[in-house]
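Student: What follows is a structure written as structure tokens; I'll ask about it next.
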Amino acid sequence: MKQVIATAKKIVASREYESRIERYQSPLRMRAVPFLTIMAASMLTALPFFTEGPLLPPMGLMMLLAWRLMRPGLLPVWAGLPLGLFDDLFSGQPFGSAGLLWSLAMVAIELIDMRAAWRDHGRDWAIASLLLVAALCAGVGIQALVERAPSLWMIMPQIIASILLYPLVVRACAIFDRWRLAT
Amino acid sequence: MAPPSHRRPGYSRKAQYSLFAAYVIAIAGAIFAALILLISVADPRGFAVLRSGAAELTAPIARFFDSARRSVVDVTHNMEGYFDAASKNAALNKRVKAQAAKLVEAQAIKLENQRLKALLDLSSDELIERVAVGRLISSTSSNSRRIATLSVGRNQGVLPDQPVRGPEGLIGRIIESGPNTARVLLLSDPDNVIPVLRLPDGLPALASGSGDGTIAIRPVDLGVNPFKKGNIIVTSGNGGLYPPNIPFARIIQKTPDGALAAPLANPWASTYVVVMKPYQEEAKAALSAAETPQTDKGGE
């Protein structure tokens, strides 16, 4: 037990004021953190937020876009599929809808990256907003296949909230990234 | 300098092939997801096992945060009670006195109702059987469907198509049930259509959620729109799922083809909710009981 706690402390602590000699990155942490944070963001719907309409932004998708745009090449192109299917378990959408939309979003960013050599935060925000709006609207469209879906006006607050909250998610992502790469 | 592109891995064949494979897998993954989506569109309950498994996993977390939230709400509620307590007390006393007479009247009517039902050989007792008592622990707040997670499941006897009500009124119905959690389709979901009637005169209508917390009420007789702001709507018991006379909603606004109503029960404020047996069995029994004397008469 003591050993477990010690290793846990080693993983969690940033050790900012310790010697920097003979310290190594944890490869597991380096690879797992993006996936784990995106999955945790998808699971936020399990918390007791009760809203009268759809209001909570799609946190999982925002986290995915933030990681992908901040660190190109870190997430493989196919990462949208498993993470999307995981998100479907918690979102209440028909199963497979996020799997499809997130995969398409990853491919879309890849296509954008082929054309644009330069990206800054503003352009990242614009790309993410575009994809978020497209994904939310497509989500309602997919729902309309299964049952009576509400009008697109209903998700307007959610769209605005997710566009405005995106920089905050990027900031959270940056904090995780710093921790991920810390020795 | 522009950042080096990760899409041009240089001359390494291995890197080139693995990048190409990643693209192929990505496209194949999108197609695979589309196929899964088609399956789940064709059979919306097909992946219920996976979903309820996920709900089971997160239920402890949701329970913990829910109880934390509730205790905070309780504290603020208790503190609110002390503000203008005297005037509130006076107003409540006045209301109790005014309602005492009505209560006696209602009891008399209930008694008469029982006698009349006994006369008609309708077993009026135990019309509404409770299956389980639980609380709503989370809801799909990022999705336009209005589904909440309930803290009881199949182990407690909760099965799909059972109505759920709170102390203030109807909340929804069960659509999927896992071992210890269940998913409740709330009234405000567009997919939830409920036969209702207006209270004083029994005007029949159909209610369906509009997805934003309100409910659209449409009268069965088209062409007339007799709804007024403040009217109380209760369930009618038609269709055999929801028991009759459960408080349902209050009209808040008239629309061209009906009215908009706000549900009386607030799913996230009700401390406990009750899962009931579907009304169907009782309805069928009542129907056959009502039919048998008629056929007897016909025979005579």
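The values are calculated or read from the model by the stated rules, or taken from the named source; none is laboratory data. Note that the structure is a prediction, hence the values are computed from the model and not measured. Using ideal geometry, Cβ is built from the backbone for each residue, glycine included, and neighbour counts are taken over all protein chains shown.
Student: Test each condition in (1) modelled with pLDDT under 90; (2) of a type in the set (A, V, I, L, M); (3) surrounded by 19 or more Cβ atoms within 10 Å (Cβ to Cβ) for A:Leu28 and report the one that comes out false.
Tutor: (3)
Student: Can you find a residue in region B:97-114 that is under 30 Å from B:Pro179 (Cβ atoms) and either basic (Lys, Arg) or touching a residue at least 24 places away in the same chain (Cβ under 8 Å) (or both)?
Tutor: no
Student: Which pairs have Cβ atoms under 7 Å, sit 6 or more apart or on different chains, and link a residue in region A:155-183 that is touching a residue at least 12 places away in the same chain (Cβ under 8 Å) to one that is of a type in the set (D, E, K, R) and in a helix (DSSP H, G or I)?
Tutor: Qualifying pairs under 7 Å: A:Arg180/A:Arg29.
Student: On to the next question. Which ones in region B:208-225 are out of contact with any Ser or Thr (no Cβ under 8 Å at 6 or more places or on another chain) and within 13 Å of chain A (Cβ to nearest Cβ)?
Tutor: B:Ser208
Student: List the number of the failed condition for B:Val41; all other conditions in (1) surrounded by 15 or more Cβ atoms within 10 Å (Cβ to Cβ); (2) more than 7 Å from every other protein chain (Cβ to nearest Cβ); (3) among the β-branched types (Val, Ile, Thr) hold.
Tutor: (2)
Student: Answer yes or no: is there a residue in region B:29-45 that is under 32 Å from the mean Cα position of the chain (by Cα) and touching a residue at least 12 places away in the same chain (Cβ under 8 Å).
Tutor: Looking for residues that are under 32 Å from the mean Cα position of the chain (by Cα) and touching a residue at least 12 places away in the same chain (Cβ under 8 Å), one finds at least one in region B:29-45, hence yes.
Student: Still on this model: Anything in region B:21-46 that is closer than 18 Å to A:Gly84 by Cα and modelled with pLDDT under 80? List them, or say none.
Tutor: B:Pro44, B:Gly46
Student: Right, next: Of everything in region B:133-155, what is touching a Ser or Thr at 6+ places or on another chain (Cβ under 9 Å) and more than 7 Å from chain A (Cβ to nearest Cβ)? Give them in sequence order.
Tutor: B:Gly134, B:Arg135, B:Leu136, B:Arg146, B:Ala148, B:Thr149, B:Leu150, B:Ser151, B:Val152, B:Gly153, B:Arg154
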